[in-house]
Structures are given as structure tokens and as C-alpha cells.
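Please treat every number below as a calculation from the coordinates, not as lab data. The model shown is predicted, which means the values in this text are computed figures rather than measured ones. Here the Cβ is made from the backbone with ideal geometry for all residues, glycine too, and neighbour counts use every protein chain on show.
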Amino acid sequence: MLDALTVAVAVTALALAAWCGFAAYRDQPTKDWHFIGMAVVSVLALAQLLVGIVQLARGERPDQGMTIFIAYLIGAFASVPAAGFLSLSERTRWGSVTVAAGAVVLAVLEVRLYDIWGN
Amino acid sequence: MRDTDRTGTPASPAPERNATTQRQRFELGTGPGRVLVWFYGVFTVAAASRSIVEMILDFGKAPLAYTLSAVAAVVYGFITYSLVRGGEKARRAALVCCAAELAGVLVVGTWTLVEPSAFPDSTVWSGFGMGYLFIPVILPVTGMIWLRHARNA
């Protein structure tokens with residue numbers, strides 16, 4: 001898989017986690033800028049999903065199986081939007097904590113995706 | 001007369017009724033609970049999809065491990081639902097499930113360490129949830145702290 005994209009998603013996810021963690025630390029809910037940040041990370045994850053599907057279609061195969069790979073790709077794409085959705089109706093610092101947690105989950109999924117694809 | 005009855009008599013029981021409905025319907029999935037909803041939701045999806053995929057691909061390889069993963073998924077799903085629903089009944093049910101979850105993690109965790117041969121493939125709870133950054137063992141403890149706190153709030 002495109003390693004550069006995996007690294008990019010992981011790094012931006014961690015940055016988003018730090019940013020939202022900082023907002024939680026300052027007792028602030030997620031704001032418009034945070035949602036723009038989430039959108040950026042989600043677009044990267046979507047790009048990764050599409051690239052992954054294209055590579056599968058071209059006949060390349062992940063080391064640990066296609067089903068698991070696709071499941072993780074979908075999970076990676078869904079995690080930040082889902083957390084952002086939860087924070088929409090939680091207008092306290094805990095909404096920010098949720099998005100930070102969602103971004104950390106995404107970063108972990110990226111590590112797993114890297115392993116699943118292999119070399 | 002009826003009008004005065006309506007406005008007069010229900011006046012005293014009304015606040016009580018409000019108090020009981022509030023007590024029954026207090027939220028569990030807001031504030032810090034929202035973070036728990038997120039983690040329990042993630043683990044429901046993770047455990048469920050994992051066990052489904054493994055069962056479809058090769059159930060015979062490690063039936064015990066896959067069944068335990070499926071059980072874990074059900075427990076996580078129920079706790080997530082209880083947190084979202086809120087109220088005293090859900091709080092108690094979630095508390096019981098969190099205790100069961102903690103017991104499950106500890107038992108399965110110890111089991112996998114003592115007798116690894118019983119588990120040709122790992123479960124969500126193997127090694128106390130090592131493969132999941134030990135979140136499976138942290139989650140029920142945090143959950144129970146939050147559920148106990150929610151009663152007093």
C-alpha cells in the first residue's frame with residue numbers, strides 16, 4: 001500500500017488528537033476549526049480507502065488477508081467522522097476528549113493497516 | 001370545580017412525578033460518559049467484526065477463542081446500548097455487564113497465559129487485552145467508576 005499515505009494519515013490523526021486534547025485541557029468543546037481538521041483527516045482516510053481498493057483491483061494482495069484489510073480500511077475511514085458526530089451533541093470538553101480518542105484509534109488502525117498489508 | 005381540581009390536586013404529586021422520571025431517565029452517555037460510549041462502540045465493532053470474520057473464514061481453527069470474542073462483542077454492545085439509553089435500570093444493567101466484562105478479561109487473560117494451547121488464535125481478551133493496548137482491562141474499571149458516580153450526580 002502507499003506508505004506515504006499511511007504515514008500522512010497517522011501523523012495528521014495524532015496532530016488532531018493533540019489539538020483536541022489541548023482543547024479538552026482548556027475546557028473547550030470542539031469548534032469549527034476542529035471540524036475542519038477532522039474533515040482533512042477524514043479526506044486523507046477516504047483517499048487511503050480508495051487507493052486500497054484500487055490496489056486490490058489491480059491484483060495486489062495484503063499479507064494477512066483481504067477481508068481484514070478491507071474491514072480495517074473502512075474502520076479507519078469511519079473512526080474520526082463517528083467521533084466528530086458524537087462530539088456534535090456533546091458541547092463540553094468531553095466532546096473534545098472523544099474526538100481526541102477517535103483520532104488516536106485511527107492512528108492505531110494505521111499501524112495495524114501497515115502490518116496487514118505487509119511489504 | 002373540575003378546573004380547580006385539575007390545577008389544585010395534581011400540583012403536589014406533579015413535582016414528585018417529575019423527580020422520579022428525572023431519576024429514571026438521567027443520562028449516562030453525556031459528559032465523561034460520551035468518551036465511554038465512543039470506546040465501547042469501537043470495541044463492539046472491533047470484537048464483533050473480528051469474531052464474525054474469523055468464524056466465517058475458519059471456525060475450526062480456534063472455536064473457543066472465536067466464541068469468546070463473540071461473547072465479548074455482545075457484552076460491549078449491551079453496555080454501549082445501556083450508556084446511550086440512560087436511566088437507573090440501564091445503569092444497573094451496565095454495571096453488572098462491566099463487572100462481567102472485567103471478570104471475563106481477568107479470567108480469559110489468566111487462562112491464555114496459563115494454558116496457551118487452548119487458544120490457537122488469540123481473542124480480544126487474550127493476555128488481558130494486550131493486543132488492544134490493555135484497553136479491555138481499563139475500560140470496565142473506568143466504566144464502573146463512571147456508573148457509580150452517575151448515581152450520585
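So if each residue of separation counts as 0.36 nm, and I subtract the Cα-Cα distance between B:Asp58 and B:Val74, what length gain in nm does that give?
3.7 nm
The separation of the range A:12-88 from the range B:56-117, counted between C-alpha centres, amounts to 26 Å. The label point for A:Val51 and the one for B:Asp121, both projected 7 Å from the Cα toward the Cβ, are 2.9 nm apart.
The stretch between B:Phe26 and B:Val114 holds 27.4 nm of extra length on full extension. This uses 0.36 nm per residue minus the Cα-Cα distance. The fewest-to-most ranking of B:Phe43, B:Phe128 by surrounding Cβ atoms within 10 Å reads B:Phe128, B:Phe43.
Kindly provide log₁₀ I(q)/I(0) values, in the same order as q = 0.21, 0.22 Å⁻¹, from the Debye equation applied to equal alpha-carbon scatterers of the range A:3-117. Treating every Cα as an identical point scatterer, log10 I(q)/I(0) equals -1.00, -1.07. Set against the 2.2 N^0.38 Å expectation for a compact globular protein, the range B:37-152 has a Cα radius of gyration ratio of 1.06. Placing unit charges on each Cβ (+1 for Lys and Arg, -1 for Asp and Glu) gives the protein assembly as shown a dipole about its Cα centre, and among B:Gly86, A:Phe35, B:Phe119 the Cα reaching farthest toward its positive end belongs to B:Gly86.
Using C-alpha pairs under 8 Å with a sequence gap of at least 6, the mean separation divided by the residue count of the range A:3-117 gives a relative contact order of 44 percent. The C-alpha atoms of chain A define a longest principal axis, and helix A:93-117 lies at about 10 degrees to it. Within 10 Å of the Cβ of each residue in B:31-40, the mean number of Cβ atoms contributed by other protein chains is 6.
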